[in-house]
Structure formats: structure tokens, C-alpha cells
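Every read-out reported here was derived from the displayed coordinates using simple, explicitly stated rules and does not represent laboratory data. Keep in mind that this is a model prediction, so the values were computed, not measured. Cβ: placed from backbone, ideal geometry, glycine included. Neighbour counts: every protein chain shown.
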Amino acid sequence: MSQESNQKTGIQFIACSVCNGTGRAGNGAVCRNCSGNGVIAYYQGRFYYSSLELSRPIIKLRHLKNGVRLSVNSLAYAAGLIGLVFLAYWVYSASLSTADFGAFAFWREKSAYILVFWVSVVADMFVVYRLSEEEASKNKVEKIKYGEAAGGASPDNWSEFKKSKGKFKTEVTASFSVGALKIAEQAFILASSAGHGEVKPIHLFFCLLKDDVSAALFSRLNVNPAKLIGKLKNQLLAMETGAKSTNVSFEFKEILLEAYIDALTFSRKKVGPVNFILPCLERDKNLSEILYDLDINHDKINNVIQWFAISERLLENYRLYRQASRFKPSSAMDRAYTAVATPILNHFSYDLTLAAKWGRLELCVGRENEIKEIFHELESGKHGVLLVGPNGVGKNMIIGQIARQMVEEYVPQILKDKRLVELDISRLLSGVTAAAAEERLLVIIDEVARAGNIILYINNIENLMSVTSGAEESLELSEVLSSALARRELVCFAAASQDNYLRYIEGKALGNTMAKVDINEPDKNAAIQMLESKIGFYEAKYKVYFTYSSIAKAVELTAKYIHDKFLPAKAVDILESIAVKAAKDKGINCLVDAEDVADVLSQKTKIPLTKITEKESELLLNLEDKIHSRMIDQVEAVAMVSASLRRARTELREAKRPIASFLFLGPTGVGKTELAKTVAESYFGDENYMVRLDMSEYQRQESLEKMIGSHDGVLGYLTEAVRKAPFRLILLDEFEKAHPNILNLFLQVMDDGRLTDGQGRTVDFTNCIIIATSNIGAVYIQDQIKAGAALEQIKESLVNDQLNKALKPELINRFDGIIVFKPLSLPDVENITKLMLEKVRRLLEAKGIGFEYDPAGVKKLAQAGFDPKFGARPLRRLIQEKIENQIANVVLGKGLKRRDTVLLDSEAQVKIRQGRVL
Amino acid sequence: MSNSFIFYSVKILTELIGGIAYFPVWWYSRGLVNLLLGVKDFLVNKQKALALIVWVKNIFKPMYAQYDWQGILISFFVRAVQIVFRSIIMLFWAILGLAAVIFWLLLPILVIYEISFQLI
């Protein structure tokens, strides 16, 4: 007995031992042991088998049968219609001969026409019979009932299958949709006409692409159909041809069975062509390789099938819901007419159940557990439920869903035949004193208590807190509500954000009387499903189509890069702008793919998120050269920084830490700050993506507040800058000079990539590059370099002997790299002089003035400006004084016109060469 | 291959003939059950729409929460009138449903009778 158990799906395939799964005995007849089934599947305590026969004559015969059935049915239709026409004609001719209505009693008259009519009634009855039977014969995929799914080891032999009762055996092909059956037949015909010996998964997959739903699925996955078909054709052409007869392969039979179980687990009603896709891929490695080349894997296909299932389920739910909502009263009255009019409440509120009845509330996906928990609290006697969760996780959606369920009456007894009414707090409080607001609230609570059919919902309930009527020890509004809740006069839902709950509600009377239900941010898969349920709206509005990868990307990127908002709201927010942008850029009916999402998010967060383009990858590979065009020497430092940037861009780094953190050591004026600027420019595209903090300004402990802000509203310089644009280079100049407590902050930043600011918000540093510079040991470095020591050796003794006196060892350890900058040599300074003169040239060129310099002059200038202690810094001053000042004087004295040339001669003096006169 | 072809053609033929032969039996068995279930659903929905049972259950409960004795008294009579009125509508629907069932049961007999009446 051969058997194959699929670990992932839990399906066990059992092949017939007599025919080895072929379904045929040696002489070509049907195998007696398995009646031609060949292979069966065992899944959750049930057997599944397929009695689909595939061979050319049988397919023809099946078509013939369908044809005959169709013609019998149409014959019956026609006969019924003809009978009616005959009757009508008889009535018409009878009306001509007499005006007496008694004459129309056709059942009392004898006529050939009436005979035809009565015979046709039989045909009508036959039509009713046929329609009703066809409806009944459409087997639906039968769901295994709760508790009936038996796990455990399977009876692994064929006799067990034969013995088991009908209830535990399911014939799968009866539940196949017409399209699915057609594709199975087409696959056979394709294999047979190509002369292939067996119908393989690839035949089935090839025919699948003709199906509309499958085509839509692949277009959601952004697959180029021509490319896919081309590749499949190549595979088909490579197969052996010339077989005399075509048989159904073992894998093909397995696919039919697994497609059914697939549909079962997706709770579909019918097995559609899409259900073939995953089983096909599992059985043909070439196929999955082809799709992998097109950037598609098992998970993606699975999620898109889910998406289709979700839309279908939403539509179905909607239909059921519309049916159920017919019975909900459309006024403020309950069905038993025991309620009381509530004019004041109506003035300050919005009726959610009415909105739900007229379908004005959006659909809520997921969140079944939270709603169950809310109902559980109500059933266990609580009269107030407080939903607590961050903004944007969908607290209002949950309340909306409860309103929808109240319309369907799919709720606990306490909510049945009630209205859910949202109290508008801002309206309640506006324009009146606290005492009057309290009066209003008391009246409303009275009304609710008397009416008896009202459930209140108060969004942002913290607004009720600490509103008092002024006098000392008077009640605040929330206590009015909480005492009413405690007396069980009304049922109330409320919502508050996490921090407001902690700040205003926890521990107060209201917090104690209401049950708290936490609404957490959904995980990525749930968020994707929530988005999928909303996509249809934007697609219809902007006439664009979202691919699956764009939705997944939107969730993934917002989860990663937007930290002050929460899923799913933050992903939904950007969806609309993505749709608008795609519609504008690509035109209507275009496909929105992951790149569009990355594009929009890049714009919003200023983070380069798009796929690495050819141009950019070239830039990254040659980053050293690019940096060296601005920086002279310091090869080691540049190489180290470039390597870490490449790692970051290709996402080969730990996501929980900053992109990179470096400590630059070296004397002043050797290019530490310049390198930081160059990195900001070459990596982020602009020098301005840099926050520069002079740590000497943070020498006292109190300056901590300046850096991270305080709870009373002062915004921190560092945290605000990073919160607004998370993709930044942070330059910490003279790092060691800051107060040790401030330095301790950076322990956490460099380790976890986040920091909590004075207001309690978490600021994300994972997209930052942190560069700290320090002058510690500058003299030591100069001395050692002069003495000819190796850079590595200098670094070691610097870290061990000098650095640890100023910084804690754990902080030193946190840096990805400690880079020692060499003091500049004279040739270096010459090169720097050239770079600086080039800058002057660019400035002059903008004015239409030329600039030339003599190498000897450059040398002279370099010698004059070089100072081993201060590096290249005096050089800048020198160029300013000697060259820029002189040029400025000449310009002001009108001695310099357009097309003139400024010359720097071998003595480093500035001269002017007159340009040609036009 | 060939014997399964014969097997299949025989099977299809019997299915066709059997399908037609089953028709009269179906009319009084599965067809009738389907109709009864349909009429039941129809009546249940009509009852729900009329809220007849809700009115009967609440006959002693005052309308509009008027718990004084006048309110209770007036409510009782208004509710009684409502119940009578709604029952009449419900009865109409019930009769309609019953008529459909009777029509279903008698239709074949009527057709046979009429055809024979025409022929004789």
C-alpha cells in the first residue's frame, strides 16, 4: 500500500494497491479493487474520492448528455409557451363571438386549442421539476461540522474506505463548478492532442489561465500573461510526444482531491478553477520555479485567493444582512412600542443602528474576538464597556459592527430590539457652562433610563472627565455617568485612547464601573485583510487596480516606517493618496504595484524606499569614488562608512538598530565633519538631511530637556527632528563633552534604535546614521603618525588608554566602528586646496567669469595654509582672505566683467585677464 | 477503454429515461416537501414583519412607558386592536400559503381530468 502524507495540509493520499493508483487493471479494464478511482484522500476523518472519468469518447459522451438534457429542457420550455399562446388565442377568438364572461370559462369548453394548453401545463410542471432538481443536484462543498473533524492516524488501507459509510465518503467532482470541470476536460484534451502519455499538472495549469477568475488573480499579482503563457508553452513543447493513449496521471488525481479540500478550508461553496492553482504548484517543481521567476510564491497566491474569498464573503454577508435588516424598525421606537420619545438625546446624538439599517456604516473585518469579549462583559452583568486602544486601530469600526449586528439581532439579549446611539460630547459641552452641561447630561440619562431601548456610545470619553460645575467638591460629569451606570439605569459603550485612559480614567469612578476591553493593533495579516475589504471602494472611486503586492507593501512599509500612527488606519490613509497618484501618473485602469506604494511613502517620510535602480546601485557600488571627489584621503574611514551604507540599502542589517553608528576620532580640520556631510549628501541626496548637535552645549544635566523635550510641552531638538524625518544623519560634534547622563541616552539609541521623548512618544532611530566626533587624543595621534606607527595600533591604544577615560566602555562598544582620521600631509592639503579653488571656480562661473590657477600657486597657497595642528581649517580662511576678498574688491570696483578670467599665478596672486569685447 | 465507453453510454441513457420517469413521483414527494418548506419560510418572514408575537407578548405592558393605570388600560385596548388587525393580515397570508399547497396537490389531477375531458 503506497501512501503519501502531506505534512503541511494534513491530507493523506492512499493509492490502490492492486492497480498502483492507475485505476486500470492490466488489460485496460477498470480496476476491480478501486472501481477506477486509483487514489483517494483521507482528511479530518473523511474519505474523498473522484469518479471523474477522462477519455476522449467519455468527454464527448458527457457533452452529448448535457446537450440532450438541455434540449429536453428547452423543448419543455417551448411547449409551455406554445400552450399559453394557444390559450390566449382561444380567449381572443371567444371574445369576438360573445360578450358574455361565462363563455371564457375555458375549463368547461371543448376545443383543440384548450387541449394543447392542458398538455402544455404538464410541460410547465416538468420545467418546475427540472429547475428544482438541478438546483438540488448542485452539490455544495460540505463543511465539516464543529467537533466532527476527527484527527489522528488514518486507516491506511483501501478496505477501510470500502467499509466506511456514505456520510464519511465524499465524491468531489460533483461539487466542481462548471468552469472547473471544463478546465479538467480541456487539460485532458490538450495532453491527448499533443500526444503526451499522461495528463500532468502543467496541462491543467495551462488551461487554468483561460479562466476569468484565475486570470484576474494573476493580474492582481501583476503577472504578464503573455510571458507566463510563453514559458508554459516551452515546458509543454519539451515534453515527450507520440504516446498512443493518454492517461490521467497520479498527480492529476491528487490535484482534483486536494482542490476540493482546498475549497473546503477556504469555506467556498464550489470548487472553482482557482482551487487548482496551489495543488498544481506543489506537484510541479518547474511550475513553481517559473512563477518564482515572475516574483510569485506560494504565500502570495494563497493571500490573493483569500482576498477573493473575502470579497465574496463580504458580498454574501451584505445580502444576508439586507434581508435581516428589513425587520428593524426605522424609527426611534422599538418593536413592542414600549419606548419613550427622547427629544433631548436625539438633539445631541447620532443613531448608529439607523445608520446601519440604511447601510451607511462600513464593513468591519476581523475583530470577532473583541466583539465576543464585549458581549461577554455585557452578559456577565457589566453595564458599561470601555474600549481602550491607540487611535486608528478601529474602535469606532467595532462599535459600527455591533450596530450592524444589532440590526440583524445577532446580539445578546440585553442588546436585542434596542437602538445604539452615539452621544456627541462636543455638542453636549459646547456653548454652555459646566453646570448647564451637567444638567443636559442628567436629562439625557433620565431619558435613556425611561426609554429603556437605548444603548449609549460615547467616543473619546476622556472629554467628560474633569468637567465640573465649578464649586469645590461638586461632582464632575463622568461621576454623573458612572453613578447612573452603577445603578444600572443604562447600558453604555465608550472609547478612549491608551494614554488618555491612563491619564484620565484609570482608577477613577468611571474607570472602575466600566469593563475595559483592550483593542490592539492588528497583526500584519489581519491588517492586510482589513485593507482588502476597503480596496474595492478606492478602486471604484479612482478607477485603478491594486495588485496584491501593493497592499502587502503598504502594510509592511507603514508598519516599519510610520510610528506615530497605528494599523490599519495608517495604511488606509496612504492608500487613497496612492490611488490618486497612480490615476494621475499612469492613467485610469492602471495597476498599482508595490513600487507606487514605496514611491508615495518615500515622498511622505523622505525615506528612499523604492527598489534599488540601476543608477542607484552603480552609485552605491562606487560610493567611495563619489565621496573621494569631495574628500581627500582618509581611505579607511570612507571604506568603512561606504560598506555600512551598502548593507543598509540592500537591507542586510539588523532592523532594530540604527543604520550605522560611528565614532570619528582625529585632530581638528582633517575632514570628520566633511565626511559626515558627504555621507548625508551621497546617501540621502542632500546635505540638509543632517541634524547637527554640538554636544558642548549639553554639558549640564538640565540640557537633557533641550534634547528630548519635557512632559510640559517643550519639544526636544533631537527627538523632534528625527520624528519628523526619520531618515537622517545625526552628527554629534565633540561627543565626549556632553553630560554623562545625556551620553547614556545614546546607549539605548544605538542598541534598540529608539528613544522615548519627554511626552512619552517613542521616536524611531532605526533609519538614522549616527556619527559622533571627538578630539580625544588628537595630539597623541599626531605624535604617533609622525613617529610612523600603524593606524591600527594607534586606534587600539587610543581606545584602551585615552577614550575610556572620557566615555564609558559600554558606550564605546556600541559603535559599529571607531575610525581614526589621520592628520593631513602636505600633498593632501594641496589636493584640498584644489577642491576649494574648484568651489571658487563654480561660484565665479555662475557669474560668467572664468577662473584659472597655476599649480605652483596652489602649492604655495597650500604651504601657507597648512598647519599640522589645525588641519585644513586655516586653509579655508586663507582662501577667503587671499582670493575671495580680492575678487570681491575687484567686482565692487567694476574691474571685473562677464567673460573676464581671474588668474591665480605661480606666486598665488590674483590677476584679471580681460575678456573679448563683443 | 471500450467497455467503459459502453458502460458510460448505458449509464447516461438510463439517467435520461429515469429522470423523466421520476417526474410524477417527485411531484408528490420531494417537490411537495420543497413547497411546504418554502411556504413555512414565507409565513415565518411575514410573522416577523408584522411582529405579531411581539405584540401578543407585550399585551399587558403599557405603550410608551405610560405606567399609570390610565396608560395601562388604554394600552391594553390599543394592543388588542393591533393584535386583531395584525392577525387578520396574518390569516390572509396563511390562507394564501394553504391555497398554494392545495393547488400543488390538485394540479396533476386537474390536468389529467381536463385532458380526458377534452378527449372524450
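With a simple spin-label model that places each label point 7 Å from the Cα along the Cα-to-Cβ direction, the separation between A:LYS911 and A:ALA655 comes to 6.5 nm. With contacts taken as Cα pairs under 8 Å at a separation of at least 6 residues, region A:524-605 carries a relative contact order of 40 percent.
Annotation: the residues A:HIS203, A:HIS347, A:HIS383, sorted from fewest to most other C-beta atoms within 10 Å of their own C-beta, follow the order A:HIS347, A:HIS383, A:HIS203.
Let me check against my output: what whole-number percent is the relative contact order of chain A, with C-alpha pairs under 8 Å and at least 6 apart? Write out the running numbers ahead of the final one.
Working: 1372 pairs, mean separation 64.5, N = 918.
The value is 7 percent.
The slack between A:GLU884 and A:LYS182, meaning 0.36 nm per residue of separation minus the straight C-alpha distance, is 244.4 nm. Which of the three applies to region B:2-119, rounded, prolate or oblate, going by the alpha-carbon gyration tensor with a ≥ b ≥ c and a/c under 1.5 meaning rounded? Since a/c reaches 1.5 but b/c is at least a/b, the shape of region B:2-119 is classed as oblate. Exposure proxy for A:SER483, A:SER325: other Cβ atoms within 10 Å of each Cβ, ordered fewest to most, give A:SER483, A:SER325. The calculated FRET efficiency for B:PHE76 paired with A:ASP446, based on their beta-carbon distance and R0 = 35 Å, is about 0.85.
Quick one: A:ASP299, A:ASP905, fewest Cβ neighbours within 10 Å first, how do they rank? Present the calculation step by step, with values, prior to reporting the outcome.
Values: A:ASP299 9, A:ASP905 14.
Least to most surrounded, the residues fall as A:ASP299, A:ASP905.
Rounded, prolate or oblate: pick one for region A:877-918, where a ≥ b ≥ c are the square roots of the eigenvalues of its C-alpha gyration tensor, a/c under 1.5 means rounded, and failing that, prolate if a/b is larger than b/c, else oblate. In terms of gyration-tensor shape, oblate.
To the nearest 0.05, what FRET efficiency results for A:ALA639 and A:ALA790 with a Förster distance of 22 Å applied to their C-beta separation?
Values: r = 16 Å, r/R0 = 0.74.
Computed FRET efficiency for A:ALA639 and A:ALA790: 0.85.
Think of chain B as a dipole: +1 on every Lys or Arg Cβ, -1 on every Asp or Glu Cβ, centred on the Cα centre; then among B:ILE109, B:LEU52, B:ILE120, B:LEU52 lies furthest on the positive end. Applying a 4.7 Å cutoff between beta carbons, the unpaired cysteines of chain A are A:CYS207, A:CYS280, A:CYS364, A:CYS492, A:CYS590, A:CYS768.
Let a ≥ b ≥ c be the square roots of the eigenvalues of the Cα gyration tensor of region A:327-518; is it rounded (a/c under 1.5), or, if not, prolate (a/b larger than b/c) or oblate?
Values: a/c = 1.68, a/b = 1.24, b/c = 1.36.
Cα axes put region A:327-518 in the oblate bin.
In this Cβ point-charge picture (+1 for Lys and Arg, -1 for Asp and Glu), the protein assembly as shown has a dipole of about 2680 debye about its Cα centre.
Remark: mean inter-chain Cβ contacts per residue of A:49-57 equal 2, using a 10 Å Cβ-Cβ cutoff to other protein chain atoms.
Between A:ASN460 and A:ASN744, what is the FRET efficiency for a Förster distance of 30 Å, r being their Cβ-Cβ separation, to the nearest 0.05? Don't jump to the answer; show the numbers that get you there.
Details: r = 37 Å, r/R0 = 1.24.
So the FRET efficiency works out to roughly 0.20.
Spacing of the modelled spin labels on B:PHE7 and A:ALA324, each 7 Å from Cα toward Cβ, amounts to 4.8 nm.
Cross-link reach is defined here as a Cα-Cα straight distance under 15 Å, omitting same-chain residues fewer than 8 places apart; for A:LYS897 the aspartates and glutamates meeting it are A:GLU845.
With contributions of -39500 (n - 2.57) from each DSSP H run of at least four residues, the per-residue ellipticity at 222 nm computed over chain A stands at -15500 deg cm²/dmol. Extents of the protein assembly as shown, taken as max minus min of Cα coordinates on every principal axis and listed largest first, are 138, 96, 73 Å.
Rounded to a whole number of µm²/s, how large is the Stokes-Einstein D of region A:826-913 at 4 °C and 1.567 mPa s, given Rh as the Kirkwood radius over C-alpha pairs?
Working: Rh = 13.0 Å.
In µm²/s, the coefficient rounds to 99.
I'm checking a number: the convex hull volume of the Cα atoms of region A:522-637, normalised per residue, in Å³. What is it?
Working: hull volume 15.6 nm³, N = 116.
So the per-residue hull volume is 135 Å³.
Segment A:VAL85..A:SER267, full-extension length gain: 60.9 nm, with 0.36 nm per residue of separation and the alpha-carbon distance subtracted. Taking region A:574-596 and a reference point 7 angstrom along Cα→Cβ of A:ALA540, no backbone N atom is nearer than 16 Å.
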